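Q: Sharing a structure with you now.
The values are calculated or read from the model by the stated rules, or taken from the named source; none is laboratory data. What you see is a predicted model; the values in this text were computed from it and never measured. Positions of Cβ are backbone-derived with ideal geometry, glycine not excepted, and every protein chain shown enters the neighbour counts. Heavy atoms of the whole protein, side chains included, go into the accessibility calculation; ligands, DNA and RNA do not. Shrake-Rupley method; radii C 1.70, N 1.55, O 1.52, S 1.80 Å.
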Amino acid sequence: MKLATLKNNTRDGQLVIVSRDLKKAVAVKDIAPTLQFALDDWANLAPKLETVYQSLNEGQAEAAFDFVEGDCESPLPRAYQWADGSAYVNHVELVRKARNAEMPETFWTDPLMYQGGSDAFIGPKDDIPVAAEDYGIDFESEVAVITDDVAMAASPEQAKSHIKLIMLVNDVSLRNLIPAELAKGFGFFGSKPSSAFSPVAVTPDELGDAWDGNKLHLPLTTHLNGELFGQPNCGVDMTFDFPTIVAHAAKTRPLSAGCIVGSGTISNYDRSAGSSCLAEKRMLEIIADGKPSTSFMKFGDTVRIEMFDANGDSIFGAIDQQVVQYQSADNQ
């Protein structure tokens, strides 16, 4: 099943069912007006939504209309929780190596995770507003899952059954703000502005053999200014799988329905696959040449993040964004 949220001048948008080929959609107000509403009662409402989905794919859904990705909010325009992990530890190891810092051995056994801002996500086709280029503007191409209610101290095996939807992420980072912020010892805040998610969130069964209940075994493709930047495989070199990082998030607290848990930047040891963020490419340049040659994003730069199935068809639709200079309401 594929689900999206259309913009409708409300904070939470309008839930629609989207056809498998991403061409048609149908509103389901009588079942669930928003995705959060559906997640709050997923066990009862998901079968009803699935019935509509099958009808839509068979061309029999009443009031179906053309699906336009540009009309979408992120599937959850705001969420109760956005916890982003760093499941690809080789990426962390690389970043630390570039600054000659040893990586603690515990990083291989205890996942890294930060709590991101979840009150105002931006849409998959919306501009990325940033006040200044010298913040070090970067994209991070990732995968995320959405859960229903997860009990505190759930095991990874228990957490697996609570993964209800999967989507893509652009976890925007302001790299030049990170060092001073982390030096305070309280974690990310201002260096992590609003993230964007793919137009469509899908149920795990929609992914077939590419989803094994733990990892998503497909490349994630990123284009920067129209040129291929990277396509590492999400199922390769993932130190902590999704049930593990969901369980980690729930170690000391319950997770409410609609909780989003991210994988962190997708990264493979095989560097020929490219990277999923500018910081990693810059680190490789530092290791090889002693200095970076790739700059961070500038105003006007674009990033496109997408995943394709074995037939070359887009699964989630594309995150396709441009960086723009933020203008406050007083200056508009």
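Q: Those residues that are open to solvent by 70 Å² or more (accessible area, probe 1.4 Å) and outside any helix (DSSP H, G or I), I need them from the stretch 98-114; list them, please.
A: Arg99, Asn100, Glu102, Thr109, Asp110
Q: Give the residues of the stretch 48-97 that are open to solvent by 10 Å² or more (accessible area, probe 1.4 Å) and polar (S, T, N, Q), sorted by residue number.
A: Thr51, Gln54, Ser55, Asn57, Gln60, Gln81, Ser86
Q: Do we find a residue being in contact with a strand residue (DSSP E or B) (Cβ under 8 Å, 6 or more places away or on another chain), at positive phi, without any contact (Cβ under 8 Å) to a residue 60 or more places away in the chain and open to solvent by less than 70 Å² (accessible area, probe 1.4 Å) anywhere in the stretch 300-310? Reasoning before the result, please.
A: Step one: of the stretch 300-310, the residues in contact with a strand residue (DSSP E or B) (Cβ under 8 Å, 6 or more places away or on another chain) are 300-308.
In the following step, the residues that additionally are at positive phi were identified as 300.
Applying the additional criterion that residues be without any contact (Cβ under 8 Å) to a residue 60 or more places away in the chain yields 300.
Filter again for open to solvent by less than 70 Å² (accessible area, probe 1.4 Å), leaving 300.
Yes.
Q: Of these, Asp289, Asp241, Asp212, Asp205, which one is open to solvent by less than 40 Å² (accessible area, probe 1.4 Å) and charged (D, E, K, R)?
A: Asp241
Q: If you don't mind, there's one more thing I want to ask. Just for the stretch 215-230: of the residues that are more than 15 Å from the chain's Cα centre (by Cα) and in a loop (DSSP other than H, G, I, E, B), which one is surrounded by the fewest Cβ atoms within 10 Å (Cβ to Cβ)? Don't jump to the end; show me each part of the working.
A: Applying the first criterion (more than 15 Å from the chain's Cα centre (by Cα)) to the stretch 215-230 yields 217, 223-230.
Narrowing further to those that are in a loop (DSSP other than H, G, I, E, B): 217, 225-226.
Details: His217: 15, Asn225: 13, Gly226: 7.
It comes out as Gly226.
Q: Kindly list the number of the only condition in (1) at negative phi; (2) buried (at least 22 other Cβ atoms within 10 Å of the Cβ) that fails for Gly317.
A: (1)
Q: Of the conditions (1) in contact with a strand residue (DSSP E or B) (Cβ under 8 Å, 6 or more places away or on another chain); (2) surrounded by fewer than 21 Cβ atoms within 10 Å (Cβ to Cβ); (3) on the phi > 0 side of the Ramachandran plot; (4) of a type outside the set (A, V, I, L, M, F, W, C), Gly136 clears all except one; give me its number.
A: So the condition that Gly136 fails would be (2).
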